[in-house]
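Read through the structure below, which is laid out as structure tokens, and then see the notes.
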Amino acid sequence: MRTYGRNAEGKWVLVVPDENGFSDSIYLTTLIQNLKLAPQESPFFANNGIPAHSSVIQQVLPTYYVDRLQRQFSQYFTSLQIALESDDPPVYNISAITNAGSKIITTVNV
């Protein structure tokens, strides 16, 4: 899988496995991009993404879509939890334990 992310300077860079060959950073970057993606926004992965903006307008949280993404990506981590931190606008807290055993906690503004 090839995934690009932005570095500290805001430039697109290729996300590569770590020195031990683990692809945790690749899958975490892809998960965050999927949380920010709207459904059918990608021409290649139309079923990915969550309807965050329409959910705010309809005042229904997109928990089904977030749960689906969590189940889709949980196979790549020892543990993966996505929790709603704020609902206006939707902010999610991602807690992942990588295959190497390190814990990553990040917040995603949708």
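The values are calculated or read from the model by the stated rules, or taken from the named source; none is laboratory data. Worth saying up front: this structure is predicted, and the values here are computed from it rather than measured. Note: areas computed on protein heavy atoms with side chains; ligands, DNA, RNA excluded. Shrake-Rupley method; radii C 1.70, N 1.55, O 1.52, S 1.80 Å.
Please check: in the Gaussian network model of the chain (C-alpha springs, under 10 Å), which one of N47, N99, N20 has the largest mean-square fluctuation. With Cα springs under 10 Å in the chain, the top fluctuation among N47, N99, N20 is at N20. Along each principal axis, taking the top coordinate minus the bottom one, the Cα set of the chain gives 45, 27, 26 Å in descending order.
Rounded to the nearest 10 degrees, the angle from helix 63-73 to the longest Cα principal axis of the chain is 20 degrees. The share of accessible area on the chain that comes from carbon and sulfur is 51 percent, using a 1.4 angstrom probe. Angle of helix 24-36 to the longest C-alpha principal axis of the chain, folded into 0 to 90 degrees and rounded to 10: 20°.
Entry note, segment 71-110: relative contact order of 34 percent, from Cα contacts under 8 Å with a spacing of 6+ residues.
Equivalent-ellipsoid semi-axes for segment 62-110 (Cα gyration tensor, √(5λ), whole Å, largest first): 20, 13, 6. Of V13, V66, V91, the residue with the greatest mean-square motion in the GNM of the chain, using alpha carbon springs below 10 Å, is V13. Springs between Cα atoms under 10 Å define the GNM used for the chain, and in it the highest mean-square fluctuation of P39, P17, P90 occurs at P17. Contact order, relative form, for the chain: 17 percent (alpha carbon pairs under 8 Å, 6 or more residues apart, mean separation divided by residue count).
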